[in-house]
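For reference, the structure is listed below as structure tokens.
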Amino acid sequence: MENFNSKILLNHAIDILKNASINDHEWSVGGGTVLNHYYHHRLSKDIDVFIGDIQMLSLLSPRFNDRAEDSLDYDEMANYISLTYPEGKLDFIVGAQLSKFKPQKKLFMGHYVYLDDPVEIVTKKVFYRGDRVMARDIFDLSIVAATRLDDLVESLRQYPEKVKQFYNNFYNIIKEPDFLNQIPRKNSILLPKESYIKNIVPTCKLLEERLADTTYKIHNIKNKKKETEFDALQRHYTELEYNYNHLQSQYKKITNALECSQNKSNQKK
């Protein structure tokens, strides 16, 4: 089920990226709207565009890109730019590839664009949003785990600290009163898929068990190529890049707050 608002947001994204001379293989679309494209499990209209090079981000800012100037509002930080339109939000996010499942070029809302794989989408959710998990993230994780459990285990095993953080928040959320009954109302789950709701928590717990099962890990890597030194360095680089971008974002927030405070102080004088 395609969303008309999402089509408009994707059109905006493509116009902005083209105006910045960023090639189509240098970005991909991910997030909940793409996941809905695969599974048709819940409504999602916002568009998340991921780019691998942080130096490209400023080219997409309304400050330098006239195709982005017609947004109603925008929020710009070190690792993302969020544009607000009447139809919803368009986010440009700096985010490296986290899994071995590369984006594939597919027809999506009238355009051939690179779409993140479902495993990559939920891996990014765990990696980047583990400290602020929402009910819809848990639902998305359970949907993919129900059909791609082995792939998801292989992907998430690379980031044990992020998984731990995610599940700490997961258990806090599911303790909330009437958790399961709140999900359809909060996240617009499509009615034909409501049967999935009762399996959300068991599926997520099964994934957690598989991630902790060292016997399963040994069994599965028997005939698989072991992680090379390059793979290990690339994984560590991704984690360092995330921490660096997060610190840059915090620094910018503090700097803006200090400038605002200084301006108010000068006005009083």
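The values are calculated or read from the model by the stated rules, or taken from the named source; none is laboratory data. This structure is a prediction, so every number in the text was calculated from the model and none was measured. Ideal geometry is used to build each Cβ from the backbone, glycine not excepted, and the neighbour counts take in all protein chains shown. Protein only, heavy atoms only, side chains kept; ligands, DNA and RNA dropped before computing areas. Shrake-Rupley method; radii C 1.70, N 1.55, O 1.52, S 1.80 Å.
Worth a mention:
- Hey, Asp70 open to solvent by 50 Å² or more (accessible area, probe 1.4 Å), farther than 28 Å from Val153 by Cβ and in contact with a strand residue (DSSP E or B) (Cβ under 7 Å, 6 or more places away or on another chain) or not: no
- Considering region 110-130, the residues that are hydrophobic (A, V, I, L, M, F, W, C) and not in a helix (DSSP H, G or I) include one that is nearest to Phe170 (Cα to Cα), namely Leu115.
- Qualifying residue in region 153-162 (condition: closer than 17 Å to Gly31 by Cβ and either among the polar types (S, T, N, Q) or without any contact (Cβ under 8 Å) to a residue 60 or more places away in the chain (or both)): yes
- Residue count for region 83-104, restricted to those that are free of Cβ contacts under 8 Å to residues at least 24 places away in the same chain and more than 16 Å from Asn5 (Cβ to Cβ): 2.
- Between His37, His25, His12, His41, the distinction of being open to solvent by 70 Å² or more (accessible area, probe 1.4 Å) and touching a strand residue (DSSP E or B) at 6+ places or on another chain (Cβ under 8 Å) belongs to His25 only.
- Within region 63-79, the set of residues being over 22 Å from the mean Cα position of the chain (by Cα) and in a loop (DSSP other than H, G, I, E, B) comprises Arg63, Phe64, Asn65, Glu69, Asp70, Leu72.
- Consider region 135-165 and keep the residues that are within 13 Å of Ile200 (Cβ to Cβ) and open to solvent by 60 Å² or more (accessible area, probe 1.4 Å). The one that is nearest to the chain's Cα centre (by Cα) is Arg136.
- Of the set (1) open to solvent by less than 30 Å² (accessible area, probe 1.4 Å); (2) touching a Leu at 6+ places or on another chain (Cβ under 9 Å); (3) not in a helix (DSSP H, G or I), all apply to Ala96 but (2).
- Region 44-62, residues that are within 17 Å of Thr84 (Cβ to Cβ), assigned to a strand (DSSP E or B) and open to solvent by less than 30 Å² (accessible area, probe 1.4 Å): Ile47, Val49
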